[in-house]
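Following: one structure in structure tokens, then a few remarks.
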């Protein structure tokens with residue numbers, strides 16, 4: 001198969017950019033011809049971004065031309081806002097390609113993508129009704145909120161018309177998106193994956209030196225829960241990442257054994273993770289399938305995760321904790337920290353789970369089945 005990957009890069013690089021790169025690399029390794037057509041929000045002014053959103057995309061002819069030039073069988077899109085939109089998928093279809101739209105978050109319905117506000121999950125915007133996001137000014141200013149609300153309202157029916165297959169990254173996210181209005185008959189689930197060479201040979205969690213949280217430092221990630229749990233349990237904590245919540249988190253960590261590393265290169269983060277006793281994922285939003293958790297599992301590090309979104313599917317129900325119960329986090333963290341044999345056992349189980357469920361072979365088989373499915 002010949003595959004054209006589409007993605008509008010976010011202003012802040014994250015997991016979705018990584019997913020696009022991993023899929024392209026995997027398909028090439030398996031012998032497929034692949035081209036990636038990316039645009040970037042970082043290069044846009046507000047006016048052009050608003051135009052792209054409201055118009056349903058900019059320059060769709062570029063996509064149609066690429067399909068015809070490549071002879072692409074599949075156009076596999078990821079984030080389409082603001083410059084690609086439904087018009088890119090319509091152009092792909094008109095040029096003869098089957099279209100998939102990979103949903104890594106809630107952006108089809110939610111102007112900020114994560115469906116979270118006021119310290120809890122928020123699903124006020126449903127179907128084509130995006131007025132709550134305008135009223136609450138979820139984009140920060142009223143003009144920007146109006147643009148996003150109007151654009152999402154206008155684009156939804158057009159996307160449904162021109163997408164052959166929607167793909168989500170967890171069953172929980174798929175269920176939530178169906179409740180919000182995504183067509184159930186067109187919605188499949190395919191979790192993110194780790195390449196074959198990314199798995200540790202064995203777990204070293206029993207010899208771990210600290211608890212680890214990694215990711216963008218934002219309020220919805222719940223890293224303040226990790227700090228409170230580590231302080232109460234007497235466990236050293238390492239926080240890897242940067243973000244807008246960093247100053248608050250540093251204040252909360254005062255007097256505790258907490259170290260902030262800042263943003264690390266992938267190799268440095270992998271080395272740090274290999275020394276961890278346990279990884280924490282205390283997200284308050286319904287996080288679909290974070291790479292930070294997949295990486296920890298693949299490294300043989302046991303993970304304690306919130307009971308929200310796709311996290312239970314990653315780590316297993318027995319490794320989840322209530323997102324809003326600090327006592328449960330400190331108790332579970334202390335239990336693991338004080339029992340190296342238990343950490344070793346759970347680390348080995350985490351590695352085995354990752355190999356079985358989140359390896360590249362399983363992902364490739366699932367993806368190519370979706371590529372080949374009858375669009376009818």
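What the table below lists for this structure:
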quantity	calculated
Angstrom value of the Kirkwood radius, inverse mean 1/r, which spans all Cα pairs in the stretch 58-100	9.9 Å
Peptides 336-345, 159-168 ordered by average Cβ neighbours within 10 Å, highest first	159-168, 336-345
Cubic angstrom per residue, convex hull over Cα atoms of the stretch 161-264	181 Å³
Cubic angstrom per residue, convex hull over Cα atoms of the stretch 197-357	94 Å³
Mean Cα-pair separation over length for the chain, i.e. relative contact order, pairs under 8 Å, 6 or more apart, %	15 percent
Full-extension gain in nm, residue 186 to residue 36, via 0.36 nm per residue minus C-alpha separation	51.6 nm
Cα-projected label distance for residue 25 with residue 201, points at 7 Å along beta-carbon direction, nm	2.1 nm
Pair-distance profile P(r), taking every C-alpha pair of the stretch 79-207, with 10 angstrom steps and integer %	12, 37, 29, 14, 7, 1
Net lengthening on full extension, residue 365/residue 324 (0.36 nm per residue, minus Cα-Cα)	11.0 nm
Residue exposure sequence - 313, 286 - by fewest surrounding Cβ within 10 Å	313, 286
Sequence ranges 295-303, 119-127, ranked by mean other-Cβ count within 10 angstrom, highest first	295-303, 119-127
Net length gained if the chain between residue 46 and residue 274 were fully extended (0.36 nm per residue, minus Cα distance)	77.9 nm
Rough spin-label spacing in nm, given labels placed 7 Å along Cα→Cβ, for residue 248 and residue 348	4.2 nm
5 Å-binned pair-distance histogram of the stretch 46-155 (Cα, whole percent)	2, 13, 21, 21, 17, 12, 8, 5, 2, 0
Zone residues, the stretch 276-312, relative to residue 11, backbone N less than 15 Å from point 7 Å out along Cα-to-Cβ	none
Of (i) 255; (ii) 167; (iii) 126, the label for volume of the Cα convex hull per residue in Å³ derived from the coordinates	(iii)
Mean-position separation - Cα centroids, the stretch 178-203 and the stretch 31-96, in angstrom	23 Å
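Each value in this text was obtained by applying a stated rule to the coordinates, not by laboratory testing. The structure displayed is predicted, hence computed values, not measured ones. Positions of Cβ are generated from backbone atoms using ideal geometry, with glycine treated the same way; all protein chains shown enter the neighbour counts.
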